Amino acid sequence: MAKKEKSGDAPLDPLFREMEQTGLHAYPNPTRQGCPEDKVLEKFAADPLAFGVGDPTFEHVTHCSPCFQFVQERRRGKQQSHLKGR
């Protein structure tokens, strides 16, 4: 269930937080069945727009919690590195 919106939050922030939690937990794949190689996930994390919505990697990441988490961690690390460089 989405949390109540705080004042100052963009209208879609609660939706995106809920989507993130779903991606991180709703699709367990303990045996990592069908997961792309790490180098493909790294490319996806670096530039997700280079992958079309119908691309198998895009489809997999949106339905595999371990891969979704891998991508989220890489993207957060990239954002933090970018902020440190300011």
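Return yes or no: is GLN69 out of contact with any Phe, Trp or Tyr (no Cβ under 9 Å at 6 or more places or on another chain), in a helix (DSSP H, G or I), modelled with pLDDT under 90 and surrounded by 10 or more Cβ atoms within 10 Å (Cβ to Cβ)?
Working: out of contact with any Phe, Trp or Tyr (no Cβ under 9 Å at 6 or more places or on another chain): yes; in a helix (DSSP H, G or I): yes; modelled with pLDDT under 90: no; surrounded by 10 or more Cβ atoms within 10 Å (Cβ to Cβ): yes.
No; evaluated as a whole, the condition is false for this residue.
Does LYS39 qualify as being loosely packed, with under 12 Cβ neighbours inside 10 Å, modelled with pLDDT of 95 or more and not acidic (Asp, Glu)?
Details: loosely packed, with under 12 Cβ neighbours inside 10 Å: yes; modelled with pLDDT of 95 or more: yes; not acidic (Asp, Glu): yes.
Yes: the conditions hold for LYS39.
Return the residue satisfying two criteria in turn: it lies in the range 13-55 and is charged (D, E, K, R), closer than 16 Å to GLU73 by Cβ and assigned to a helix (DSSP H, G or I), and of such residues it is nearest to the chain's Cα centre (by Cα).
GLU20
The values are calculated or read from the model by the stated rules, or taken from the named source; none is laboratory data. Predicted model only: the values in this text are computed from it and were never measured. All Cβ positions, even for glycine, are placed from backbone atoms using ideal geometry, and neighbour counts span all protein chains on display.
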